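I have placed the structure first, in the form of structure tokens, so that the comments after it can refer back to it.
The values are calculated or read from the model by the stated rules, or taken from the named source; none is laboratory data. Predicted model, so just to flag it, every value in this text is computed and none were measured. Counting neighbours? That spans all protein chains shown, and the Cβs are built from the backbone with ideal geometry, glycine included. Heavy atoms of the whole protein, side chains included, go into the accessibility calculation; ligands, DNA and RNA do not. Shrake-Rupley method; radii C 1.70, N 1.55, O 1.52, S 1.80 Å.
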Amino acid sequence: MGREFELKFSATPQQQASLACRFGEFSVIAMETTYYDTPDRALSDRRITLRRRLENGHSVCTLKTPTEGLGRGEWDVEREEISQAIEELCKLSQWDGLPEFLASGVEPVCGACFTRQAKTLVLESCTVELALDRGILLGGGRELPLCEVEVELKSGSEDAAVDFAKVLSREFGLKQEKKSKFRRALALARGE
């Protein structure tokens, strides 16, 4: 199974600038995300995320599923359209019942447009990607500013990644963000 383990923190542009100064040069990725759900919202009701993201114009379709603990199941395929990716994502995830949920089709429900500054950091017991995301979340004709920091485990110890994220949080005054970009954009779409 693919697995995602990340911690998110709300941030200010000043906090992001301080982090960028501390860790040096970052790669820059323009991100444009569309999140999909079934007409009856069967995916979001089950905490399943289906998205298509353009990363510097390159299309990647992703399925995320709930797991125990802080992580999530995550699978990616490179396809131009979400409709071209669904069958393969279902096979990769082996999520029982998912093909039936998707039989009625999917539609865009919300999104995000942001710029990511990313840097891989090799630490003592793990490797993480430090990401500084800034842009907007979109839903229901509304926008919400997005400014956050992510620490995503790439390999090694989850505990070491958590410890690193806690140090960053204390040092730079970051506040943990418990909701994903999708959940925040979905709340906009729902008018919450």
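Just a few scattered comments:
- Taken over the C-alpha atoms, the range 127-192 has Rg and Dmax values of 14.1, 41 angstrom.
- Average silhouette area of the range 78-192, convex hull of alpha-carbon atoms, in square nanometres: 9.4 nm²
- Note that the chain presents 51 Å² accessible area per residue, ligands and nucleic acids not counted, probe 1.4 Å.
- Computed over the range 66-127, Kirkwood Rh from alpha-carbon pairs, angstrom: 15.0 Å
- Rounded to the nearest 0.05, the FRET efficiency derived from the C-beta distance between residue 178 and residue 142 at R0 = 22 Å is 0.60.
- For the range 136-148, the Karplus equation 6.51 cos²θ - 1.76 cosθ + 1.60, evaluated at θ = phi - 60°, returns couplings of 9, 9, 10, x, x, x, 10, 10, 9, x, 10, 8, 8 Hz by residue, with Gly and Pro reported as x.
- Additional length obtainable on full extension of the chain from residue 10 to residue 28, 0.36 nm per residue less Cα span: 4.6 nm
- Pair-distance distribution of the chain: all C-alpha pairs, bin width 5 Å, starting at 0; shares per bin in whole percent are 1, 8, 15, 20, 20, 17, 11, 6, 2, 0.
- Principal-axis tilt of helix 13-23 within the chain, Cα atoms, nearest 10 degrees: 70 degrees
- Debye equation applied to the C-alpha atoms of the range 15-79, log10 I(q)/I(0) at 0.18, 0.21, 0.28 Å⁻¹: -0.83, -0.92, -1.09
- The modelled label-to-label distance for the pair residue 47/residue 3, using points 7 Å beyond Cα in the direction of Cβ, is 1.6 nm.
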